[in-house]
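*Asks:* Could you have a look at this structure, given as structure tokens, before my questions?
Laboratory data are not the source of any read-out in this text; all were calculated from the coordinates shown. All values derive from a computational prediction rather than experimental measurement. Here Cβ is always computed from backbone atoms with ideal geometry, including for glycine, and neighbour counts include all displayed protein chains.
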Amino acid sequence: MPITLPELPFDKSALEPYISSRTFEFHHGKHHKAYVDNTNKLIDGTDLAGKDLETIIKTASADPARKGLFNNAAQVWNHSFFWKCLKPGGGGKPSGKIATKIDADLGGYEKFCADFRNAGVTQFGSGWAWLVLKGEKLAIVQSANAETPLVQGVKPVLVVDVWEHAYYLDYQNRRQDFLQACLDHLINWEFVNANLE
Ligand code: FE
């Protein structure tokens, strides 16, 4: 079974005006697809052919000779996870378990927003801003390029892509405005809550 490109969980125009259909045409249809195609090429005929994506990522992560495979496979996973973190009419203050944990672990919703936005803005170059579970506690972390908390012993619960390809068509260099739009209008808190279970 090859690795496949998942469908977006919403129509490509559903997040407008915050993320345009044109951005999704490139970000999902070109970038994400290229990571899928490259992963399939790089596992073809190897011991990882037919393995599930998480196994491929974890195996490649432990082998410096497979850095190219790690980068592509991790980017497949990171993007598939990112799409599920977004929804039309999302964002704003969450409810449920995530709200309680943000208050308990991160100093409340306003401080979470400032710290998460800052993590995205200060990630130098390409990367990701994550909310993860470290043991029982929430933490905000950054990752560079394709790096993923999946192989760092923590559980990802939310991510925003801060590669330029995620926002440049809609926001040019205004990465902070893109992050703020995600926080205010797009985060799928139901998905984040489900990730805490
Ligand atoms: Fe991306």
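*Asks:* Could you check residue 99 against (1) outside any helix (DSSP H, G or I); (2) over 29 Å from residue 36 (Cβ atoms) and say which number it fails?
*Replies:* In the conditions (1) outside any helix (DSSP H, G or I); (2) over 29 Å from residue 36 (Cβ atoms), residue 99 misses (1) alone.
*Asks:* A follow-up question, please. Taking the conditions exactly as written (buried (at least 21 other Cβ atoms within 10 Å of the Cβ), in contact with a helix residue (DSSP H, G or I) (Cβ under 7 Å, 6 or more places away or on another chain) and over 19 Å from residue 6 (Cα atoms)), does residue 74 satisfy them or not?
*Replies:* Against the criterion (buried (at least 21 other Cβ atoms within 10 Å of the Cβ), in contact with a helix residue (DSSP H, G or I) (Cβ under 7 Å, 6 or more places away or on another chain) and over 19 Å from residue 6 (Cα atoms)), residue 74 does not qualify.
*Asks:* Being of a type in the set (Val, Ile, Thr) and without any contact (Cβ under 8 Å) to a residue 60 or more places away in the chain is the filter here; which residues of the range 1-28 pass it?
*Replies:* Listed by number, the list holds a single entry, 4.
For (1) out of contact with any strand residue (DSSP E or B) (no Cβ under 7 Å at 6 or more places or on another chain); (2) within 12 Å of the ligand (Cβ to nearest atom), each residue gets a yes or a no:
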residue: 117; (1), (2): yes, no
residue: 125; (1), (2): no, no
residue: 131; (1), (2): no, no
residue: 135; (1), (2): yes, no
residue: 144; (1), (2): no, no
residue: 149; (1), (2): no, no
residue: 155; (1), (2): no, no
residue: 165; (1), (2): yes, yes
residue: 168; (1), (2): yes, yes
